[in-house]
1. I need the helices (runs of 4 or more DSSP H) fully contained in the stretch 79-181, keeping only those with at least 1 residues that are over 22 Å from residue 195 (Cα atoms).
2. Only one of (1) surrounded by fewer than 22 Cβ atoms within 10 Å (Cβ to Cβ); (2) more than 24 Å from residue 78 (Cβ to Cβ); (3) free of Cβ contacts under 8 Å to residues at least 60 places away in the same chain fails for residue 222. Which number is that?
3. Of these, 31, 58, 77, which one is surrounded by fewer than 21 Cβ atoms within 10 Å (Cβ to Cβ), within 26 Å of residue 238 (Cα to Cα) and out of contact with any strand residue (DSSP E or B) (no Cβ under 6 Å at 6 or more places or on another chain)?
4. Taking the stretch 4-26, which residues are in contact (Cβ under 8 Å) with a residue 40 or more places away in the chain and farther than 21 Å from residue 77 by Cα?
5. Could you list, in sequence order, all residues of the stretch 64-92 that are more than 18 Å from residue 20 (Cβ to Cβ) and touching a residue at least 60 places away in the same chain (Cβ under 8 Å)?
């Protein structure tokens, strides 16, 4: 079980922050702030293997769980992110149980899956210092499926039932776009879809996460029973903080 899942099992909502600035300096600042988890975004942020590695190293001194969002759920990215030392992966656009099973397989060495084997050169193995790394690596990996399309909503029970999918995370922005309400995640149809998805994830007995749209939305989602929430982004903190400071003097 990975660090984030252990924290979720405590029953206390886990509050996280999206990392999109792609620099170790800001990652360290955010880790020091005391968030339960940080999400390092490989899908929409300008991250490379080198920038992700530098950020992992920058936060290693702090008691924060590191989660990485893949650019897409395919084997090359999965093995590279795991080799770097991420143990919890958030996989975007998981639309079917078949895709979920393929992702899980790609995250595990044979005979448990199809992940390409690296050990002595892998940061995740302590560069070969862990004698049981290959045999037990699958025990140290968590996969979170991101539910963010009408197709995923239609098959959410099957996705949630896949062995090795440890949690499911709802993306309101993409859900809104997929449901015909681009830019309006507060639309009643989108909100109803989120409520439906949460109920199905609960029925599967797995933790549900969500990207909260605001502090008030985060409070409501915690009340709804979401186990882990992203409550903002590093970019959002910088843009709002800088604008507020300037406007406080100009106005």
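What follows draws every value from the coordinates through simple rules; no lab data is involved. Keep in mind the model is a prediction, meaning the values are calculated, not measured. Because the Cβ atoms are built from the backbone with ideal geometry, glycine has one as well, and the counts that use them run over all protein chains shown.
1. Values: elements: 97-106, 133-136, 150-154, 156-160, 172-178.
Where helices (runs of 4 or more DSSP H) fall fully within the stretch 79-181 and carry at least 1 residues being over 22 Å from residue 195 (Cα atoms), they are 97-106, 133-136.
2. Going through the list (1) surrounded by fewer than 22 Cβ atoms within 10 Å (Cβ to Cβ); (2) more than 24 Å from residue 78 (Cβ to Cβ); (3) free of Cβ contacts under 8 Å to residues at least 60 places away in the same chain, residue 222 breaks only (3).
3. 58
4. Passing the criteria: 5, 7, 8, 13, 14, 15, 16, 17, 26.
5. Correct list: 87 only.
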